[in-house]
């Protein structure tokens, strides 16, 4: 029968899946209703604000998520200092992010209401409490975090339904985004106090540990900034070249694709401790788990892509209405990103396990430059579909092309990705743990 280790990781993954399915299901439904209510231009306005803020996510999160989980797994008795340093570093990063976003909001070509940008940019400060999430991840006890996020989602969804009912102005939808972050922060602190068995004010700042985390994280910070840029810059550039309605159309399609990204993140988050433990046990087991994880990711990606490509016309019209018809062509292209995004999650976990963050920055940077150049040439010529092609091509280059330039171990990871395509033959062999 299954080992206790398998049951533990499977239970952990199940809690994560429950939370993400529930949250994303509700978020997708209410997001569609909001988009239909606002229309392409107003929906484009709030989507542009989210994209502008998303460009600088790396400053507010500091790329610490997986690194802190690793530290907590390896040094569980040092959790107060690890959590304290993470919290204060993230607050500092949030302040830097807010200053940059506020400055960019003054650019003359930005048509979005500045107040919307300011309000939503405040979310970064409350996201500093996500270190609690990492604490429970390291202990494979994600059910407590799930409780908080289910409550958070319920309150936020009801708030948006109320705004739709009273036909509220756009600015109030921005306030609900901030409310989302506030509720999550408060819930995480309460759940940490009750089930972490320690008050959050016992967190400590340790100068040596703080600088050590920052030193190890800076390649991840830069990599995350690169990822944020080539995932969000398309909507910013669409606003610059075409206008807010194009942003709304593109956002409607891209959010359907992005709704699937929770799947590889759930699997990788739940199984990352198992990958780290396999490395301690034997190189063969470690290699086997990495290979099988690539195969598993490809299977799930294809199970999503095929029905979406076939039914994309019906999906867009049914969900968003005739005003978003152009989003159909965007979705048919954008959904293929799933393959490379799913593989990229595994690749990034392997990079962290091998402590190769510095090397990863270079091909992430190359991917960002590729995406910006492609957007400059493709958006004026092909409009919203040009932005979709630019993002897809940049994802391919980041996960399959540029890593090949950085040595045999990276080329081996690419080989694992390519061979995972033969998933029908490997499907019955996949044993993640």
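No value in this document is a laboratory result; all are computed from the given coordinates. Not measured: the values here are computed from a predicted model. With ideal geometry, Cβ positions are generated from the backbone for all residues, glycine too; neighbour counts draw on all protein chains shown.
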When ranked by the protection proxy of mean other Cβ atoms within 10 Å per residue, highest first, what sequence do the peptides 342-351, 322-331 form?
342-351, 322-331
Contact order normalised by length for segment 225-327, with contacts defined as Cα pairs under 8 Å and 6 or more residues apart; what percent is it?
27 percent
Can you tell me the equivalent ellipsoid semi-axes for segment 4-429? Use √(5λ) from the Cα gyration tensor, largest first, whole Å.
32, 27, 22
Assertion target for 236, 309, 69, ordered by fewest C-beta neighbours within 10 angstrom first, is 309, 236, 69
Sequence ranges 296-308, 38-50, 259-271, ranked by mean other-Cβ count within 10 angstrom, highest first:
38-50, 259-271, 296-308
Can you tell me, using C-alpha contacts under 8 Å and at least 6 residues apart, the relative contact order of segment 4-429 as a whole percent?
22 percent
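For segment 244-352, what class follows from the C-alpha gyration tensor (a ≥ b ≥ c being the square roots of its eigenvalues): rounded when a/c is under 1.5, otherwise prolate if a/b is larger than b/c, else oblate?
The shape class here is prolate.
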Let a ≥ b ≥ c be the square roots of the eigenvalues of the Cα gyration tensor of segment 330-383; is it rounded (a/c under 1.5), or, if not, prolate (a/b larger than b/c) or oblate?
oblate
Counting all Cα-Cα pairs in segment 58-198, those more than 18 Å apart amount in percent to 62 percent
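Based only on other Cβ atoms within 10 Å, what is the fewest-to-most ordering of 192, 314?
Values: 192 24, 314 10.
Exposure proxy ranking, most exposed first: 314, 192.
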